[in-house]
Every structure is written in structure tokens, then in C-alpha cells.
1. Count of lysine pairs in the range B:4-174 with Cα atoms under 15 Å apart, counting only pairs 8 or more residues apart in sequence or on different chains?
2. When Lys and Arg each count +1 and Asp and Glu each count -1, what net charge do the other residues less than 10 Å away from residue A:321, Cβ to Cβ, add up to?
3. Using a probe radius of 1.4 Å on protein heavy atoms only, what is the accessible area buried between chains A and B, both sides summed, to the nearest 100 Å²?
4. Are there any helices in chain A, counted as whole DSSP H runs, that stretch 27 Å or more along their axis by Cα and score at least -0.5 on average by Kyte-Doolittle, and if so which?
5. Using only the Cα atoms of the range A:299-455, build the gyration tensor, take square roots of its eigenvalues as a ≥ b ≥ c, and label the shape rounded, prolate or oblate: rounded if a/c is under 1.5, else prolate if a/b is larger than b/c, else oblate.
6. Residues in the range A:68-89, backbone N under 16 Å from the label point at residue A:109 (7 Å along the Cα-to-beta-carbon vector): list them, ranges by number please.
7. Show which lysines lie in cross-link reach of residue A:373 when reach means a straight Cα distance below 27 angstrom and same-chain residues fewer than eight apart are skipped.
8. Report the trypsin sites (Lys or Arg not before Pro) located in the range A:94-171 that are in a DSSP loop and have at most 14 other Cβ atoms inside 10 Å of their Cβ, or state none.
Amino acid sequence: MTLTEKILARASGKAEVKAGDNVWVNTDVLLTHDVCGPGTIGVFKREFGQDAKVWDPKKIVIIPDHYIFTSDSKSNRNVDILRDFVKEQGIPYFYDVIEDPNGHWVFDASQGQLKRQYAASYAGVCHTALPLKGHTRPGEILFGTDSHTCMAGAFNMFATGIGNTDAGFILGTGKLLVKVPETMHFRLEGRLPKGVMAKDVILHIIGDIGFDGATYRAMQFDGPGAQALDMDDRMTIANMAIEAGGKNGIFECDEKTIAFVNEKTRLNGTKSTFRPVDLDRDQTFIYDKTFDLSKLEPTIALHPDPGNRALARECAHIPLDRAYIGSCTGGKTSDFLAFAQIIKGHKVVIDTFGVPATPDVVQDLQNTEWKGKTVWAILEEAGVQMTENASCAACLGGPTDTFGRLNRPMNCITATNRNFPGRMGHKESKVFLASPYTVAASALTGHITDPREYL
Amino acid sequence: MSQTVSGKIYVVKDNIDTDQIIPAQYLNLVPTIPEEYEKLGSYALCGLPESAYPVRFVPEGKGQTPYAIVVGGRNFGCGSSREHAPIAMGASGSRVVIAESFARIFFRNCVATGELYPLETPRRLCETLKTGDDGTVDLEKATLTINGKTHNLKPLGEAKPVIDAGGLFEYARKTGMIESRGK
């Protein structure tokens with residue numbers, strides 16, 4: 001069996017499953033957030049009753065992260081709906097924007113967008129926060145009401161996005177009917193060359209198989225090239241399985257995975273036992289290809305879809321109005337450090353926005369010093385508009401007052417994960433996906449730029 | 001429930017992602033709150049760029065669409081997992097979406113909510129059909145008939161009884177997978 005088949009077999013209590021089987025699986029973690037949580041709660045109450053209890057409060061993780069730092073009253077209300085439900089159900093893992101369990105969240109626009117407006121309990125973007133808070137464990141099943149839930153596949157989990165109705169069903173029963181996907185095998189060899197990041201790997205692969213090349217399928221990444229990647233890189237790759245239509249992306253479990261999971265589960269006091277799945281000798285793949293990472297170059301997904309691949313060095317003719325770094329995919333500490341490596345000592349020539357994925361990233365950048373100056377200050381001095389308000393922000397547009405949102409037609413290069421029309425706001429805008437290196441180099445020139453010129 | 005759907009057709013091309021079906025700025029609306037459900041319907045497909053789609057799916061200031069049937073190309077409903085997408089289309093009064101292929105989560109959300117019948121077509125219809133054409137979809141036979149010409153669609157198979165029942169929960173009750181209401 002493939003890694004995905006092994007997890008689904010275990011979760012459904014079967015010795016063996018094969019692609020195409022429909023199986024009821026037990027959920028280890030259900031993740032939801034402020035834009036799909038209220039609807040999920042609505043489905044749960046409508047179907048199981050106003051007084052119904054969730055199947056297991058400890059297996060539910062609720063992370064408000066999408067529309068937080070906005071004056072939109074319905075968005076603020078949605079965070080309150082989550083808080084009320086958490087209180088009613090006794091759910092321990094709720095990463096609230098405010099301290100007071102009886103309070104109401106109201107964003108104060110008069111303080112501006114840059115200054116921190118959240119309590120210590122707040123965790124930021126759910127997919128990045130989930131592993132940091134010790135909720136990702138090898139061999140487990142994670143469902144989330146968000147398509148980028150597949151990011152947790154980096155931790156040797158079966159992780160996939162679902163809708164409110166399926167999530168409401170899980171809240172009541174802990175179970176979901178899942179079709180076992182066929183597995184596509186991506187064997188990675190070699191090491192990333194200078195100037196090339198994990199983002200380039202996944203943009204290259206999506207360009208190879210097409211924006212729908214993995215529809216209904218699992219994407220399994222293994223081999224020595226995968227083992228050489230650190231956890232942040234694996235997360236970036238698994239995150240974008242959905243951009244090829246994939247049901248999930250999954251990596252092997254190794255000592256890096258175990259060290260990460262052990263540390264984070266201990267820090268947050270979450271469940272620390274787990275059983276990874278390892279590679280079988282006999283695996284059936286519907287696709288099998290080896291990628292030599294050392295041959296890759298800085299890669300772009302051109303407007304209007306993530307499979308529209310080009311090399312950065314071939315795109316210098318494309319002018320830009322804006323650069324953006326942030327999101328689950330591209331807003332991690334390692335992403336910002338790579339970005340800053342190129343930015344330091346220069347000035348950006350187009351509007352450039354930086355939105356850390358989590359409060360930890362803000363702290364890391366404000367505590368890391370290069371030659372006596374914090375990375376945060378280095379970025380600010382270069383002209384990057386850095387906000388402390390970690391969230392999904394303009395990656396998915398959001399309410400019109402969202403930080404960094406494209407409110408008029410423009411060309412934007414971004415370290416985020418999706419570039420369909422209208423994704424970052426205005427539907428006549430053009431969005432170009434790239435690595436943090438490439439976004440940084442392009443911010444310094446005002447057109448798409450191969451970052452190797454700066455390294 | 002009637003097993004045919006007749007009405008006007010709205011035609012789109014490949015990769016209509018859920019941001020184009022319901023732009024992210026409207027995800028502040030909660031689909032289980034009735035007035036917000038209706039509001040979602042008024043915004044259905046409003047994220048389509050006007051340069052490519054000059055005719056709106058839901059006319060300005062209206063809550064309902066004149067198009068009961070949507071015909072698309074490949075990878076319809078890709079992108080975000082937002083269930084607001086099939087719900088917005090269903091709330092606008094649309095009943096059927098026909099495409100060469102569907103993104104997995106969108107297809108599943110259509111079935112789970114019972115809002116829309118997602119039917120696959122083996123032939124690329126979005127190049128030959130025009131917005132405003134009148135058509136009839138026979139859900140039993142899996143066909144689309146326009147101007148006397150019948151196109152075969154792929155049968156819905158195991159998803160059809162779930163949508164017929166009104167979605168995942170109604171189906172689960174009907175088949176005894178979960179307890180009936182007011183047991």
C-alpha cells in the first residue's frame with residue numbers, strides 16, 4: 001500500500017484498502033476557522049439539534065485567521081460565533097483573537113493595520129499554526145474546512161480539505177466517508193541549487209502535471225531529495241497539492257518530522273503519541289516520476305492559474321505594480337529570512353507588503369539580528385510594509401479594507417499559493433506566484449526578476 | 001423532485017475557481033443563516049471577469065438567476081474548499097452544472113449540500129453552446145437536450161441518490177447511517 005492507503009486502512013479499521021474503495025474513517029483532528037466555522041456550526045446544530053454535543057472536544061481545533069483585522073462587522077461577528085460555540089462545547093484548542101472568553105472581537109481601525117491587535121492566545125494562519133501548536137502527528141487523519149489543509153501532509157498525515165456539511169457531519173459523528181485516492185509518486189533526488197526554493201519545486205511539478213493533473217489523487221513525495229528538505233520546505237510543497245487538484249500531499253516520516261512533532265506537542269501539551277506509516281516495498285502508483293531538484297530554476301506561475309509555468313529568467317518583460325509575501329505557503333520564518341537575504345541593503349521600487357503567517361514569525365523576525373539590526377527593521381528600512389497582524393490577509397482578497405488587498409487592476413508577484421482571477425481582490429488583476437527569493441528580487445526591480453542575480 | 005431541469009444556459013470556460021463563483025469578500029456570510037443564504041445567491045458567479053463574461057449570471061440588483069443550467073469546461077470549482085460556492089449557485093436558483101471535469105471538493109460539496117447536480121460531459125460543450133440557449137437536462141437519463149439535439153452526459157452514479165434526498169444528512173437518515181430526527 002502507499003502511504004495514503006496505509007493511513008486510510010488504519011483509520012477505517014481494515015487490514016488493507018485500495019484506490020477506489022469507499023471507507024468510513026475516524027477523524028483524529030478536525031480543523032476549522034472563522035469563514036467556514038460558523039457555517040459548520042450552523043449545519044451541526046441544524047442536523048443534530050440545538051443542544052447536541054460534539055463527538056470529542058479534544059479533537060477539534062478552531063483557529064480564527066482569515067478575516068480578523070477588518071472593520072467588517074459580519075467578519076468580527078463570525079469570530080464571536082466561534083467563541084460562543086467553544087464555550088458551550090468545552091473545546092480546549094481555540095486560538096482566540098482576544099483574551100476574554102465572554103468578550104466580543106472588534107477590530108480598531110484607528111490604530112492602523114501595522115500594529116499588533118491580538119491577544120497571546122491568537123495563533124495566526126491555521127495551516128502554519130496547526131503544526132506549531134502540536135496538532136499534526138504522523139499517521140493520523142486531519143480534515144479541515146479549508147483547501148490548504150493538505151499542508152499537514154508534510155508531517156506524514158492524511159490531511160484534506162472538506163466543506164461545511166461534511167465538517168458538520170464530523171462534529172456530530174467523528175466519521176467521514178472517504179474514497180481512497182489513487183497515488184501519484186514524485187520521487188525527489190538531488191539538492192536545491194542556489195536561488196531555488198521549495199516553492200519552485202511545487203510550481204515546477206504543477207506545471208508538469210497541469211492545474212488539474214492530480215484531481216482525486218494523492219501526491220506522495222519521497223526519495224533522498226525529499227529527505228534533504230526541512231519541515232518548512234515540505235509544508236510548502238504539501239500545501240500546494242490542491243493547486244494541482246490533489247486530494248492530499250504526503251511525505252515520509254523521518255527524524256526531522258519526529259523531532260518537530262515531539263517538540264511542538266510537548267510545548268503545547270497536546271497528544272504526543274503517534275504511529276507513523278512507512279514505505280512498503282509494493283506500492284501501486286498511477287503515475288511515477290523522478291525529479292532532480294538540482295536541475296530546477298526559479299519558477300513562476302503566470303496569471304491566471306497555478307499550472308501556467310514559466311521560468312523567472314524568461315519573464316523580465318512583465319512589469320509589476322506590487323509584491324506580496326505572506327500566507328500559509330509563503331509567510332513562514334524561513335520564507336521571510338530568504339526574502340530578507342535579497343532585500344537587505346536595498347530599497348523596494350514597488351508597493352511591497354509583508355504579512356507573517358503567525359505571531360511566532362513576527363517574534364522571530366523582531367528577535368533575529370543581522371549585523372546589529374533586526375530582520376524586521378531591515379525589511380522596514382527597505383520600504384516593505386510589514387504588519388504584525390499575522391493572518392491570511394490579501395492572499396484571498398478578503399473584505400475591501402484587508403491589508404495588501406488588490407483593490408484595482410494591477411500586476412502582483414506573490415509568495416502565496418493561488419492566482420485564479422480575483423484571488424487577491426480585483427478580478428481584473430493579474431497575480432504571479434513565485435518563491436520568496438523571486439518576490440524579493442522582483443520588488444527591487446519592478447519587473448519579474450531571477451533572484452540568482454542578487455545572491 | 002422533478003427529474004428534468006429546463007431553462008436557460010449560462011456558459012463559462014475552463015478553471016472556474018470558487019473565487020469566481022463566490023468572491024472571498026462575501027465569505028463573511030454564513031450559509032446557515034437564511035437571509036445570508038439568500039444574499040449569497042445574489043452574488044453567485046459575480047467574480048467572473050467582465051472582460052470575458054459581459055453578461056452577468058445574476059442581474060444587477062436581483063437575487064435570482066435566469067439561468068437554471070451552467071455549462072463549463074475543465075476543472076470547474078477548483079481552488080478553495082468553500083461550500084459557499086455550490087450554495088451560492090443553488091441559492092440563486094440554478095439547479096445543474098455541467099462540466100468536462102470537476103474539482104474534487106466542489107463536486108463533493110454539491111453532493112453533500114444537495115444544492116446542485118454536478119454532471120460531467122464527455123464532450124467539450126462550452127465552445128459550441130451559448131449563454132442564453134434554452135436546454136433541458138434529464139437527470140435520470142443523464143442527457144442535455146438543446147434545439148432538439150441531445151448530448152449524452154455521464155451518469156451521476158452513487159452521488160445522485162444523495163442529492164435526490166437533499167444532501168448528505170437526509171441521505172444518511174434515509175439509509176439508517178444516522179438516527180432520524182425526533183427519534
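The values are calculated or read from the model by the stated rules, or taken from the named source; none is laboratory data. Predicted model, so just to flag it, every value in this text is computed and none were measured. Ideal geometry is used to build each Cβ from the backbone, glycine not excepted, and the neighbour counts take in all protein chains shown. Heads up: the accessible areas ignore ligands, DNA and RNA and are worked out on the full protein's heavy atoms, side chains in. Shrake-Rupley method; radii C 1.70, N 1.55, O 1.52, S 1.80 Å.
1. Working: B:8/B:130; B:13/B:130; B:39/B:62; B:130/B:149; B:141/B:149; B:141/B:154; B:141/B:160; B:160/B:174.
Taking the Cα cut-off of 15 Å, the pair count is 8.
2. Values: positive: A:322, A:408, A:430; negative: A:351.
Computed value for this residue: +2.
3. Numbers: alone 16930 and 9200 Å², together 22220 Å².
Interface between A and B: roughly 3900 Å².
4. On the way: long enough: none.
Membrane-span-like by this rule: not one helix.
5. Details: a/c = 1.81, a/b = 1.25, b/c = 1.44.
Verdict is oblate for the range A:299-455.
6. Under cut-off, by backbone N: A:68-77.
7. A:115, A:194, A:332, A:344, A:347
8. Working: sites: A:115, A:116, A:133; in loops: A:115, A:116, A:133.
Sites meeting the loop and neighbour criteria: A:115, A:116.
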